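The values are calculated or read from the model by the stated rules, or taken from the named source; none is laboratory data. Remember, predicted model here, so these are calculated numbers, not experimental data. FYI the Cβ positions are ideal-geometry reconstructions off the backbone, even for glycines, and counts take in every protein chain you see. Ligands, DNA and RNA are excluded from the accessible area calculation, which covers all protein heavy atoms including side chains. Shrake-Rupley method; radii C 1.70, N 1.55, O 1.52, S 1.80 Å.
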Amino acid sequence: MPLRRLLLLACAVLLMTISVRAAVFTENRGIWPDNWPEVLEPLRETSKTIGVGTGIQENIYEIPIADRETFEKVWPEILKLRTPGSPLTLYRAGGGDHPSWGQFVSNQRAAIRIFAPSGGIATAGNVEIDVNNPPDWEQLIRDGKALRAQAPWPESLVGKDGGLPEYVVSEKQDDGTLKWVAADPYADAKPRGFYFRARIDVELVVDGDIIDLNRTRLPADGVIVDRRFADAKADGGSE
(Lines give C-alpha, C1' and ligand atoms only; values in the text may rest on other atoms or scores of the structure.)
Protein backbone atom coordinates (compact mmCIF):
# COMPACT_ATOMS: atom_id res chain seq x y z
CA MET A 1 0.00 0.00 0.00
CA PRO A 2 1.45 3.45 -0.91
CA LEU A 3 2.75 5.42 2.08
CA ARG A 4 0.37 8.33 1.50
CA ARG A 5 -2.72 6.11 1.68
CA LEU A 6 -1.29 4.14 4.59
CA LEU A 7 -0.71 7.32 6.56
CA LEU A 8 -4.17 8.62 5.75
CA LEU A 9 -5.82 5.45 7.00
CA ALA A 10 -3.53 5.18 10.01
CA CYS A 11 -4.33 8.73 11.09
CA ALA A 12 -8.05 8.16 10.70
CA VAL A 13 -8.01 4.92 12.67
CA LEU A 14 -5.82 6.34 15.43
CA LEU A 15 -8.24 9.22 15.82
CA MET A 16 -10.93 6.71 16.74
CA THR A 17 -8.91 4.98 19.43
CA ILE A 18 -8.38 5.84 23.08
CA SER A 19 -4.77 4.75 23.41
CA VAL A 20 -2.14 5.90 20.91
CA ARG A 21 0.77 3.81 19.75
CA ALA A 22 3.75 5.59 18.26
CA ALA A 23 3.79 5.11 14.48
CA VAL A 24 6.45 6.50 12.17
CA PHE A 25 6.54 5.45 8.52
CA THR A 26 9.49 6.02 6.19
CA GLU A 27 9.81 5.95 2.42
CA ASN A 28 12.96 6.50 0.41
CA ARG A 29 11.31 9.01 -1.85
CA GLY A 30 10.05 12.54 -1.47
CA ILE A 31 6.24 12.32 -1.52
CA TRP A 32 5.59 16.00 -0.97
CA PRO A 33 2.45 17.44 -2.62
CA ASP A 34 2.35 17.57 -6.41
CA ASN A 35 1.66 21.32 -6.34
CA TRP A 36 5.00 22.11 -4.69
CA PRO A 37 7.59 23.92 -6.88
CA GLU A 38 8.54 22.04 -10.03
CA VAL A 39 12.23 22.68 -9.35
CA LEU A 40 12.02 20.05 -6.58
CA GLU A 41 10.82 17.28 -8.91
CA PRO A 42 14.31 16.00 -9.89
CA LEU A 43 15.07 15.52 -6.18
CA ARG A 44 12.12 13.25 -5.34
CA GLU A 45 13.94 9.98 -5.98
CA THR A 46 16.96 10.87 -3.82
CA SER A 47 14.90 12.25 -0.95
CA LYS A 48 13.26 10.64 2.06
CA THR A 49 9.86 11.01 3.68
CA ILE A 50 9.19 10.41 7.37
CA GLY A 51 5.47 10.22 8.05
CA VAL A 52 4.75 10.84 11.71
CA GLY A 53 1.51 9.21 12.86
CA THR A 54 1.87 9.53 16.63
CA GLY A 55 -0.07 11.93 18.82
CA ILE A 56 1.46 14.55 16.52
CA GLN A 57 0.71 14.22 12.81
CA GLU A 58 3.23 15.65 10.33
CA ASN A 59 5.47 14.77 7.41
CA ILE A 60 9.21 15.38 7.32
CA TYR A 61 10.90 15.60 3.93
CA GLU A 62 14.68 15.22 3.93
CA ILE A 63 16.31 16.39 0.70
CA PRO A 64 20.05 15.69 0.34
CA ILE A 65 21.81 18.34 -1.76
CA ALA A 66 24.65 17.10 -3.96
CA ASP A 67 26.12 20.38 -5.20
CA ARG A 68 26.01 24.14 -4.71
CA GLU A 69 24.25 24.77 -8.03
CA THR A 70 21.32 22.58 -6.99
CA PHE A 71 21.04 24.30 -3.62
CA GLU A 72 21.09 27.78 -5.12
CA LYS A 73 18.38 26.74 -7.57
CA VAL A 74 15.97 25.24 -5.03
CA TRP A 75 16.58 27.49 -2.01
CA PRO A 76 14.48 30.48 -3.21
CA GLU A 77 11.56 28.10 -3.77
CA ILE A 78 12.01 26.54 -0.33
CA LEU A 79 11.79 30.02 1.18
CA LYS A 80 8.45 30.48 -0.59
CA LEU A 81 7.15 27.19 0.82
CA ARG A 82 8.18 28.10 4.37
CA THR A 83 5.44 29.69 6.48
CA PRO A 84 6.19 33.39 7.14
CA GLY A 85 7.65 33.92 10.59
CA SER A 86 8.54 30.27 11.14
CA PRO A 87 11.96 29.36 12.59
CA LEU A 88 14.88 28.23 10.46
CA THR A 89 17.04 25.67 12.27
CA LEU A 90 20.70 25.12 11.35
CA TYR A 91 22.70 21.93 11.89
CA ARG A 92 26.33 21.15 11.07
CA ALA A 93 27.10 18.49 8.47
CA GLY A 94 28.99 15.69 10.18
CA GLY A 95 27.74 16.87 13.56
CA GLY A 96 25.73 15.05 16.19
CA ASP A 97 22.40 13.34 15.78
CA HIS A 98 19.19 15.27 15.36
CA PRO A 99 17.80 15.84 18.89
CA SER A 100 14.35 14.50 17.99
CA TRP A 101 14.72 12.38 14.86
CA GLY A 102 18.27 11.01 15.01
CA GLN A 103 17.31 7.48 14.00
CA PHE A 104 15.29 8.67 11.01
CA VAL A 105 17.26 11.61 9.59
CA SER A 106 20.94 12.33 9.02
CA ASN A 107 23.16 15.31 9.75
CA GLN A 108 26.08 13.72 7.94
CA ARG A 109 25.80 15.67 4.67
CA ALA A 110 24.33 18.85 3.25
CA ALA A 111 20.55 18.66 3.23
CA ILE A 112 17.29 20.55 3.48
CA ARG A 113 14.57 19.25 5.79
CA ILE A 114 10.98 20.41 5.57
CA PHE A 115 8.46 19.83 8.35
CA ALA A 116 5.05 20.00 6.72
CA PRO A 117 1.37 19.14 7.21
CA SER A 118 0.52 15.46 6.83
CA GLY A 119 -2.60 15.84 4.71
CA GLY A 120 -4.24 13.43 7.16
CA ILE A 121 -7.85 13.41 8.24
CA ALA A 122 -9.45 14.42 11.52
CA THR A 123 -12.94 13.00 11.99
CA ALA A 124 -15.85 13.47 14.37
CA GLY A 125 -16.23 10.78 17.02
CA ASN A 126 -19.38 9.28 15.49
CA VAL A 127 -17.77 8.36 12.14
CA GLU A 128 -17.11 4.65 11.78
CA ILE A 129 -13.83 3.86 10.03
CA ASP A 130 -13.15 0.63 8.13
CA VAL A 131 -9.58 0.59 6.77
CA ASN A 132 -10.59 -2.01 4.16
CA ASN A 133 -13.51 0.06 2.94
CA PRO A 134 -12.74 3.71 3.75
CA PRO A 135 -15.56 6.24 3.63
CA ASP A 136 -15.96 9.04 1.13
CA TRP A 137 -13.53 11.49 2.78
CA GLU A 138 -14.40 14.36 0.49
CA GLN A 139 -18.10 14.05 1.29
CA LEU A 140 -17.35 13.96 5.02
CA ILE A 141 -15.24 17.11 4.60
CA ARG A 142 -18.03 18.84 2.69
CA ASP A 143 -20.46 17.85 5.45
CA GLY A 144 -18.14 19.29 8.10
CA LYS A 145 -17.69 15.86 9.72
CA ALA A 146 -14.00 15.67 8.79
CA LEU A 147 -11.09 18.03 8.22
CA ARG A 148 -8.00 17.57 6.06
CA ALA A 149 -4.70 18.77 7.51
CA GLN A 150 -3.43 20.87 4.64
CA ALA A 151 -3.73 24.32 3.11
CA PRO A 152 -5.79 26.33 2.58
CA TRP A 153 -6.22 26.87 6.31
CA PRO A 154 -9.17 28.87 7.67
CA GLU A 155 -8.65 32.60 7.92
CA SER A 156 -9.10 32.39 11.68
CA LEU A 157 -5.72 30.64 11.92
CA VAL A 158 -3.75 32.92 9.60
CA GLY A 159 -1.93 35.92 11.08
CA LYS A 160 -1.83 39.28 9.34
CA ASP A 161 1.63 38.51 7.93
CA GLY A 162 0.66 35.00 6.81
CA GLY A 163 1.87 33.23 9.94
CA LEU A 164 0.30 30.01 11.22
CA PRO A 165 0.35 28.10 14.51
CA GLU A 166 2.77 25.20 14.51
CA TYR A 167 -0.02 22.75 15.37
CA VAL A 168 -3.80 22.65 15.31
CA VAL A 169 -6.48 20.34 16.69
CA SER A 170 -10.01 19.69 15.50
CA GLU A 171 -12.69 21.07 17.78
CA LYS A 172 -16.33 20.03 17.60
CA GLN A 173 -18.83 22.87 17.27
CA ASP A 174 -22.35 23.09 18.67
CA ASP A 175 -23.80 22.05 15.31
CA GLY A 176 -21.66 18.90 15.23
CA THR A 177 -19.22 20.12 12.60
CA LEU A 178 -15.47 20.36 13.13
CA LYS A 179 -13.20 23.40 13.15
CA TRP A 180 -9.40 23.76 13.25
CA VAL A 181 -8.08 25.67 16.27
CA ALA A 182 -4.53 26.47 17.34
CA ALA A 183 -3.01 24.18 19.97
CA ASP A 184 0.36 23.51 21.58
CA PRO A 185 1.15 19.87 22.46
CA TYR A 186 4.07 20.98 24.63
CA ALA A 187 2.17 23.57 26.68
CA ASP A 188 -1.33 22.13 27.01
CA ALA A 189 -2.05 20.86 30.51
CA LYS A 190 -3.65 17.74 29.05
CA PRO A 191 -3.87 16.34 25.50
CA ARG A 192 -6.58 17.80 23.28
CA GLY A 193 -6.69 14.93 20.83
CA PHE A 194 -4.38 14.60 17.86
CA TYR A 195 -2.18 17.55 17.00
CA PHE A 196 -1.77 18.23 13.28
CA ARG A 197 1.07 20.37 11.93
CA ALA A 198 -0.11 23.50 10.15
CA ARG A 199 3.10 25.54 9.87
CA ILE A 200 5.88 24.64 7.42
CA ASP A 201 9.29 24.80 9.10
CA VAL A 202 12.69 24.36 7.44
CA GLU A 203 16.01 22.99 8.66
CA LEU A 204 19.40 23.23 6.94
CA VAL A 205 22.32 20.85 7.40
CA VAL A 206 25.22 23.20 6.63
CA ASP A 207 28.55 21.91 5.28
CA GLY A 208 30.14 25.28 4.41
CA ASP A 209 30.61 24.36 0.76
CA ILE A 210 27.41 23.11 -0.86
CA ILE A 211 25.39 25.05 1.69
CA ASP A 212 27.48 28.08 2.58
CA LEU A 213 25.75 30.56 4.87
CA ASN A 214 27.94 33.37 3.52
CA ARG A 215 26.25 32.87 0.14
CA THR A 216 22.77 32.02 1.42
CA ARG A 217 19.88 34.43 1.89
CA LEU A 218 18.32 33.72 5.27
CA PRO A 219 14.74 34.77 6.10
CA ALA A 220 14.48 38.01 8.03
CA ASP A 221 10.97 37.37 9.38
CA GLY A 222 11.68 34.49 11.77
CA VAL A 223 14.05 33.21 14.42
CA ILE A 224 17.27 31.50 13.33
CA VAL A 225 17.92 28.56 15.65
CA ASP A 226 21.62 27.73 15.32
CA ARG A 227 22.43 24.24 16.59
CA ARG A 228 25.77 23.91 14.77
CA PHE A 229 27.78 24.91 17.81
CA ALA A 230 25.76 22.72 20.17
CA ASP A 231 26.54 19.79 17.89
CA ALA A 232 30.24 20.65 17.84
CA LYS A 233 30.35 20.86 21.64
CA ALA A 234 28.58 17.51 22.00
CA ASP A 235 31.14 15.95 19.65
CA GLY A 236 34.06 17.52 21.50
CA GLY A 237 34.96 19.45 18.37
CA SER A 238 35.06 23.10 17.44
CA GLU A 239 33.78 25.36 14.68
- Message: Less than 9 Å Cβ to Cβ from Asp207, Lys/Arg counted +1 and Asp/Glu -1: what total charge do the surrounding residues give?
- Response: 0
- Query: Using a 1.4 Å probe on the protein chains only, how many percent of the accessible area of the range 48-203 belongs to carbon and sulfur?
  - Reply: 46 percent
- Task: Report, as a whole number in µm² per second, the diffusion coefficient that Stokes-Einstein gives for the range 63-213 at 4 °C and 1.567 mPa s using the Kirkwood radius over alpha carbon pairs.
- Result: 73 µm²/s
- Summed residue charge, Cβ within 14 Å of Lys73's Cβ, Lys/Arg positive, Asp/Glu negative: -2
- Message: Filter Lys48/Lys80; Lys48/Lys172; Lys80/Lys190 down to the pairs with a C-alpha to C-alpha distance above 27 Å, please.
- Response: Lys48/Lys172; Lys80/Lys190
- Could I have the simple spin-label model distance between Ala220 and Glu45, label points 7 Å from Cα toward Cβ, reported in nm to one decimal? 4.0 nm
- Query: Rolling a 1.4 angstrom probe over the protein heavy atoms, how many square angstrom per residue are accessible across the range 161-227?
  - Reply: 54 Å²
